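See below for the structure under consideration.
What follows draws every value from the coordinates through simple rules; no lab data is involved. Note that the structure is predicted; figures quoted are calculated from it, not measured. We place every Cβ from the backbone using ideal geometry, glycine too, and count neighbours over all the protein chains shown.
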Amino acid sequence: MNDWLEKLGEKVFLLLTEMGRVLMFLGQTLRWTFSSPFYVKSVLKQMEMIGVNSVPVVMTTAISTGMVLALQSYTGFKRFGAESLIGAVVSLSMTRELGPVLTGLMVAGRAGASMAAELGTMKVTEQIDALTTLATNPMKYLVVPRFVASTVMMFFLTILGMMIGVTGGYFVGVKVLGTNPTTYINQSIDNTQVTDIWYGLIKALVFGAVVGLIGCYKGFTTEGGAEGVGKATTGAVVISCMLILILDYFLSALLW
Amino acid sequence: MAMIELIDLHKSFGSLQVLRGVDLAVEKGESMTVIGGSGSGKSVILKHIIGLLFPDRGKVVIEGQVLNDLDEFGLNETRKKFGMLFQMAALFDSLTVWENVGFSLKQHTKLSDREIRKVATEKLALVGLKDVEDKMPSELSGGMKKRVGLARAICMDAQIILYDEPTTGLDPITADSINDLIIDLRKKLGVTSVSITHDMQSAYKISDRIAMLYKGEIIEIGTPDEIRNSANPIVHQFITGSAVGPITAE
């Protein structure tokens, strides 16, 4: 029993220590985000890598989700004659919930992993130390552009995801299942308010910050050689996805 | 006043005590080499000198300035006096050779890309390289990477150059050419050098003085000849590379 408690205590202590380190890393990142010099070119390059290059995967996920959502809602709603509400369901789900969450998960899997692998390799090959010896702050030069790009691009990718998802739902609802297009569109517009879209976009900003922060943190704390980089990459994806799902509940409760 | 002074340096990582009161002074223009076994803390000393690590106790003084007392800005200003050649060169693999060499100039001066490239080409010529400006680090051999790393280290006209195992991983001929380059650069630029190595041939060739680090302390310091003729059994065993003696293999 004592052994078991000791092990549990050790695990909790390690978890709290790690959380403290991540928060300190966030503090450092925010501090350097708002102080000069500003590496605008690096931010733009990261926006391309994190944002533009994620467009295909986000589009595929969003259109498939929108289409499936319409199909499944139709099956359920038809049983009590509420097929006309498919538009509202797809549009509300995509804006408030699925748009930001699925975009977050996809970007965490693609860009978060890539950030951790790139920075982790730089860490184990002493490139991050080399930056410091060249009187350049690695937080400022490497972390801030990725953090800013991830946060900003998640916002725009989520808008894209919402639009594509809703379009996919419309296509299935109207063209495949034969719902009246005017009813579908009216139901969607009437039941989706601007605040619903904003709630989704606030979530997107938080998820973007999480992906950037965790990807960079895991990269910066990589130890060992190739194995360490592998662990950092896996860790970045797993932790980012878990945090997105956990924070999604709290944000949904907060933005009710 | 010594260019670099390490005073009573102590450093531990968790329960592992690596440095146990290191005292070392390097004069201006001198070439000092720290020798010692793998894991003896040589790299830790080098990282303290340039402010990559900070001591648990003791201090690092660079030209009279205590490194521990400096803020981020002060530290970076002091770091501009340094150039460091890393063991595996640590070139930025997303940048071309000239961008690597001119990195400091890009960050800390207002020079245009064309001017930076011109300076980088000059520095590359100084380390015996030409027509490699547009190559990526992955296209270079180990020896060439070290030369590019050295060109990067001297690009901002550093006063102190730190060498982390400069000949490790190179064939004997390339290793000797790097030794010659270190000597040549010191003559041309008049820089102070601190090297760490366990390659004794290199240590004898490039050093004015050699210090031996053992169990976290400097146990002997002297000219290459003094070290070669040392009566200390630990030093003697290390420089002759014998498996028999007071030092046991890990």
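Below is a table of values for the structure above.
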{"read-out": "Amide H contacts of B:GLY21 (H built 1.01 Å from N, under 5 Å, at least 5 apart or other chain)", "value": "B:LEU9, B:HIS10, B:LYS11"}
{"read-out": "Karplus-derived HN-Hα couplings along the stretch B:5-18 (A = 6.51, B = -1.76, C = 1.60, θ = phi - 60°), whole Hz, x at Gly and Pro", "value": "10, 10, 10, 6, 6, 10, 8, 10, 10, x, 8, 8, 8, 8"}
{"read-out": "Filter on B:LYS81/B:LYS123; B:LYS42/B:LYS187; B:LYS135/B:LYS187 - keep pairs with C-alpha separation over 22 Å", "value": "B:LYS42/B:LYS187; B:LYS135/B:LYS187"}
{"read-out": "Nearest-20 debye value, the protein assembly as shown charge dipole, Cβ charges on Lys, Arg, Asp, Glu", "value": "1160 debye"}
{"read-out": "Value at 222 nm in deg cm²/dmol, rounded to 500, when DSSP H runs of n ≥ 4 in chain A each add -39,500 (n - 2.57)", "value": "-25500 deg cm²/dmol"}
{"read-out": "Under 15 Å, Cβ to Cβ, from B:THR223 - net charge with Lys/Arg +1 and Asp/Glu -1", "value": "-3"}
{"read-out": "Helix axis angle, B:172-189 relative to chain B longest principal axis, alpha carbon, degrees", "value": "70 degrees"}
{"read-out": "Shielding by partners - mean other protein chain Cβ count within 10 Å, residues of A:229-239", "value": "0"}
{"read-out": "Dipole moment magnitude, nearest 20 debye, the stretch A:36-254 about Cα centre, only Lys, Arg, Asp, Glu C-beta charged", "value": "160 debye"}
{"read-out": "For the stretch A:36-254, alpha-carbon Rg relative to the globular expectation (2.2 N^0.38 Å, N residues)", "value": "1.17"}
{"read-out": "Kyte-Doolittle at least -1.0, axis length at least 24 Å by Cα - qualifying DSSP helices, chain A", "value": "A:2-33, A:55-78, A:144-170, A:194-220, A:226-254"}
{"read-out": "Residue pairs, from the table A:LYS11/A:LYS218; A:LYS123/B:LYS11; B:LYS59/B:LYS110, whose Cα atoms sit over 28 Å apart", "value": "B:LYS59/B:LYS110"}
{"read-out": "Three-way shape call for the protein assembly as shown based on the alpha-carbon gyration tensor, with the a/c threshold at 1.5", "value": "prolate"}
{"read-out": "Among A:MET49, A:THR222, A:ILE239 the positive-end extreme of the charge dipole of the stretch A:36-254 (Cβ point charges)", "value": "A:MET49"}
{"read-out": "Sequence-distant aspartates and glutamates (8 or more away, or on other chains) whose Cα lies within less than 13 Å of B:LYS188", "value": "B:ASP157, B:ASP180"}
{"read-out": "Averaged over B:96-107, number of beta-carbon atoms from partner chains that fall within 10 Å", "value": "2"}
{"read-out": "5 angstrom amide H check on B:SER31, placed H, neighbours 5+ away", "value": "B:SER193, B:ASP208, B:ARG209"}
{"read-out": "Among A:SER84, A:MET122, A:LEU102 - extreme Cα towards positive end, dipole of the stretch A:65-130, charges at beta-carbon", "value": "A:SER84"}
{"read-out": "Packing-based exposure ordering (other Cβ within 10 Å, fewest first) of A:LYS41, B:LYS42", "value": "A:LYS41, B:LYS42"}
